[in-house]
Structures are given as structure tokens and as C-alpha cells.
1. Across the Cα atoms of the chain, what radius of gyration and what greatest pairwise Cα-Cα distance (Dmax) are found, in Å?
2. For the chain, set up a Gaussian network in which alpha carbons nearer than 10 Å are linked by springs, and say which option among 272, 57, 330 fluctuates the most.
3. Net charge near residue 295, counting Lys/Arg +1 and Asp/Glu -1 over other residues with Cβ under 14 Å of its Cβ?
4. Considering Cα pairs under 8 angstrom that are at least six residues apart, work out the relative contact order of the chain and quote it in whole percent.
5. Reachable aspartates and glutamates from residue 169, Cα under 17 Å, same-chain residues fewer than 8 places away excluded?
6. Please list 214, 134 in order of solvent-accessible area, largest first, computed with a 1.4 Å probe with all protein chains present.
7. With all protein chains present, how much of the accessible area of the range 2-58 (probe radius 1.4 Å) comes from carbon and sulfur, to the nearest whole percent?
8. When only Cα pairs under 8 Å and 6 or more residues apart are kept, what is the percent relative contact order across the range 271-388?
Amino acid sequence: MSSLNQFAWVAGTAIYRFGHNSIPNIPIVGAPDDADLSNWAMLHDGSAYRLYAFKRGTTDTLYQAAFNGSAYQFGFNSIPVLRLVGFPADADASSFAMLHDGSAYRLYLRRSGDPRTLYQASWVAGTDTYQFGHNSIPAIPVVDFPGDTDWGRWMMLHDRAAYRLYAFKAGSDREFYQASFDGGAYRFAFNSIPTLTLEGSPPDSDTSHAAMLHDGADYRFYFQTAAVAQPPAEPPAEPPAGPPAEPPPPAPPVFSDRGAIVTPVLNVADIGASVKWLEALGWTRRNLYSAGGLLADPHDDAAVATALFATLRFGYGQIFLSLSSQGLRGGLPVGPGSGDDAGATWMYWYMSSPAEVDEIFARATAAGFTIVAPPEAKPWGEHELRIAHPDGHVFRVAATITAP
């Protein structure tokens, strides 16, 4: 049986302590057989503590539970099954968050491939439906988070004064970052304790997902308990007659969305020149490698001349550069007004706002870079700029146009 390990914030500190002002462990009961309890969220609506989980194999169906005084019971004091409607095709339902802000029940999905954009829906009163954009800002940017943010583990709540978003520090099961809504975006450290720490987490906590809520008195944090391995069955006293049975096929791996990071590798003619090209747009160099291995100082331009491979970062994104290897460069000539069949590798580079796209345009123009297409509003709701790299690679720099 699944259950929840409960923590609460220790006022005046940066600590969430297990069992503080809390029932330490709470059972989850009555879950449908096809409830995906690995994809769950929670909220408090002023009168009830609620838990939600997707129906396994779907992206538009949720099951709902509420606290009955001793357990979270599916269907208790709840609409048992809820539907999500109207979300964009690129909404990522592999994780979600929910909150109640005193007037509306709200649900959030990330944009696929762009965790810095949240899609928002709210419950249509009197129905079983959460509708994208209903009484909501449809898309909200998330800005200024550290580069080591783990976007596979994120939570949200409303504390009767502020909308808050949290995400774990990559590689840590104790530290997580906090942001709040500044009127236009969820901004890291705005009106927040920037980094929070869990204390006393039980060893049976499943740290791959978490949920949070505020109940009017306390900020609360939850892990589910991890499944406990069952002891192996006793071997039979007598071996079965006949030839031995074929061993079962190995189970397929279960991938964490925390590993779903795709990084382009660009074939370039000059590592040093390409590093400086990207730095002019705001990227920062991380590591450079020569035939002898990792360069001790990636900022030593004399050493960079010997580099065969480089890695650069912008926010949570990365680009790798490979000297005259790993793919192609060039292609059909790319320049102002060239079509979608020109160039070599194309990349989509998401920004937090149209203003940031315009800033990249200003930097590229000032540096004399080739502008394939200046920033403009696209029919699919994005503000997009296209820039050509000297080796024919094309950067599509875009941000969602957020409706008021």
C-alpha cells in the first residue's frame, strides 16, 4: 500500500522537517488499479487536503482523492475522475502541479522540451473539466533559476499571498530551489528563501517525485514511500520434472524524465571562433578538450587554439562543439530570407519572454552576425528570430507570446 511521508516548514529557517507539526506517515487507499501514483500532485483548497494522480497511459484523465481523517481515499468527498481539455499539443504530462489560490483550482503542465514555460488550466465550476486558459494566463515563463535545477522534480503551491514554484537541485534529494510569481513570471528567489533543505527524510522515501501545499497554517512537503521489495519465494522442495524452464525476458528499463536531456553536437571549422560567436549571444564556456584531454583553463585563448571539443551552457541548455567531426556543416547556403531547406543543423532555442528574443537579436546585430529572419510573431503563438552560424547551423530563438 502506498503512503505519504509528510514534512513541514520550520518557521524562521530554511528547513522542512519530517514529522514537524505533521502526521508523519499517511496511507493512500482506494486507488484505481490503473492510477499512476508515480505522477501525482496535491493541494489544499481551504477545507480539504486533496491528492491527484493521472490515469496510467493517458495525458488527459486524473483521479482525485481527499483526506478522510486518517488516509487519502480516492473518490472521498471528490469528483472521482477529472478531464484535462484544450492543452497545446506540446504540453508535457509526464509531471504536473496543482494549487488552489482561494478562488480557483489550478493545474500546470510544462512545455515539452522547455521546462521554463508553464501551461495553466483551471477547473470549470460545476463540471469535471480542467480547461487550458480558463480564467488563467495560458503560458507563464519561469526565469532566473540556477543552471543545476532538476526540472523533473518540481512542485507548486499558493500560500494565500503568493504563487510559489519549487524545483530540486540536480543530484540532491535534500536541497530544492524556490521562486514566486512576480506578476509576469515565476522568478527564482523573488520574495522567497532561495534554497530550502529537507531534514530527517525516512530511508523509504521515494525521492523521484514530490508534492507541496499550504493549508492556511503550514507549508507542507510530501514524498511517497518507495515500494518495498518482497522476499523471494521459497524454492520448491522437489525440482519440477522435465527440462528447465526458459528464463523470463529481462524487464525493459524505466527511464526517469530527469535523464531526458538532448544536447546538439555541432561540427565546426574553428572551435575558438565558434566559442566566441556563442559567447556574444550570452552562452558561457564550460569545458574544452584537446588531444591530451581536458584543458585546465577553458578561458586561456592560447590553449583554446588546440581544442578539439568544447561544451557551453545557457541556463539549463547545453551545446557541444566538435572540430570537423560528428555530423556535417554547410549545406545549402543560408542567409537573409533563406528557406527551411538551407543550412546544416537547426536548433530551437527557447527564451523566457519575447523581450529576451529581442535582446538576442540586438546582440547578434551588434556583432555583425547573419540574421536569417528578424524577430516576428508566428501563427503558432511564438515570437521567433533566426540566426545563422558561420558553419551553416541555424538557431531559431523563440519565446511564447503570453496573453494578458
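The values are calculated or read from the model by the stated rules, or taken from the named source; none is laboratory data. These figures come from a predicted structure and were not determined experimentally. FYI the Cβ positions are ideal-geometry reconstructions off the backbone, even for glycines, and counts take in every protein chain you see. Protein only, heavy atoms only, side chains kept; ligands, DNA and RNA dropped before computing areas. Shrake-Rupley method; radii C 1.70, N 1.55, O 1.52, S 1.80 Å.
1. Considering the chain through its Cα atoms, Rg and Dmax are 24.7, 82 Å.
2. 57
3. Summing Lys/Arg as +1 and Asp/Glu as -1 gives -1.
4. Averaging sequence separation for qualifying contacts and normalising by length gives 11 percent for the chain.
5. Partners within reach: 144, 148, 150, 199, 206, 257.
6. Per-residue accessible area, sorted high to low, gives 134, 214.
7. On the way: 1150 of 2210 Å².
Exposed carbon and sulfur together represent 52 percent of the surface.
8. Taking the mean separation of contacting Cα pairs over the length of the range 271-388, I get 18 percent.
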